[in-house]
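J.: If you scroll down you'll find the structure; I have some questions about it.
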């Protein structure tokens, strides 16, 4: 009886293993067939319009907590520049939201600094530092997004070039970049494709792209396309050469960053060393360090040291910064 149970269990186990192996061999084929059927259906029926995208052809703007401030400040030159910065950073925020965050941040930093220093002069200084923090974060996000666009831009140029070689129109190449590329290249080319697809002249659509992405490579791309449309020529070859130039420039830039690594590290060390020494002295001799916070002369020395440290760091950063 025991032998029969063992044999039955063995047969069931072998059957289960064979069944799983057979199913595993069929799963890739089923997935590939499903993907092929889906692709054939897209080709036969065309792209399905996005219901959210077809509701309106008007551009949508983020409405902040203070719409009146958005309208009033957005009409000024400084407000227009700040709105461009927000858009270029990829942040989904309005002018009033950024300004409100800056004011709240300034009040919090001023309150904390006044609690530690107990000096009236710390209030405006703390408010200025806190008010500038959101704009520093905004600039950092904008810089990272612009660098990511520069890194992905040669791939977009190659994709448009291959589309032109395959016989597609330039607008089709823009749509391929918008569909295939990720943030930030894909969404920016999507805006350009939608603008010219909805009737805006290609010159104006490319000009808007150069305004949203203020990079020299994008300006070269727009100029090359517009000149080719007026005078003729092999646009795919032009885009290939432009992509090659951008990649070579990145190679030189990375070599420069390697050569200037010592100077940048020196700047970071010089900036962090006084802060670490101050923290260490607060544990070793707190009474000695408290004089800098209690006495007016000590507070002035701290402010002067902070200003000189910042100035020195910016100076070193400008020395090792080489434009390529």
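J.: Can you find a residue that is under 30 Å from residue 217 (Cα atoms) and in contact (Cβ under 8 Å) with a residue 12 or more places away in the chain anywhere in the range 301-315? Outline the logic, then answer.
T.: Taking the range 301-315 first, the residues under 30 Å from residue 217 (Cα atoms) are 313-315.
Next, only the ones that are in contact (Cβ under 8 Å) with a residue 12 or more places away in the chain stay: 313.
There is at least one residue in the range 301-315 that is under 30 Å from residue 217 (Cα atoms) and in contact (Cβ under 8 Å) with a residue 12 or more places away in the chain.
J.: Could you tell me how many of the residues in the range 192-206 are out of contact with any helix residue (DSSP H, G or I) (no Cβ under 6 Å at 6 or more places or on another chain) and buried (at least 16 other Cβ atoms within 10 Å of the Cβ)?
T.: 1
J.: Considering each residue of the range 214-228, count those that are in a helix (DSSP H, G or I) and in contact with a helix residue (DSSP H, G or I) (Cβ under 7 Å, 6 or more places away or on another chain), and give that number. Full working, then the answer.
T.: So the first thing to find is which residues in the range 214-228 are in a helix (DSSP H, G or I), and the list is 216-228.
Checking the rest, the ones that are also in contact with a helix residue (DSSP H, G or I) (Cβ under 7 Å, 6 or more places away or on another chain) come to 217-222, 224-226, 228.
Here the count works out to 10.
J.: Mind listing whichever residues of the range 99-116 are touching a residue at least 12 places away in the same chain (Cβ under 8 Å), out of contact with any helix residue (DSSP H, G or I) (no Cβ under 6 Å at 6 or more places or on another chain) and either buried (at least 18 other Cβ atoms within 10 Å of the Cβ) or closer than 14 Å to residue 293 by Cα (or both)?
T.: 99, 112, 116
Where a number appears in this text, it was derived from the coordinates with a stated rule and is not lab data. Given the structure is predicted, the values throughout are model-derived calculations rather than measurements. Here Cβ is always computed from backbone atoms with ideal geometry, including for glycine, and neighbour counts include all displayed protein chains.
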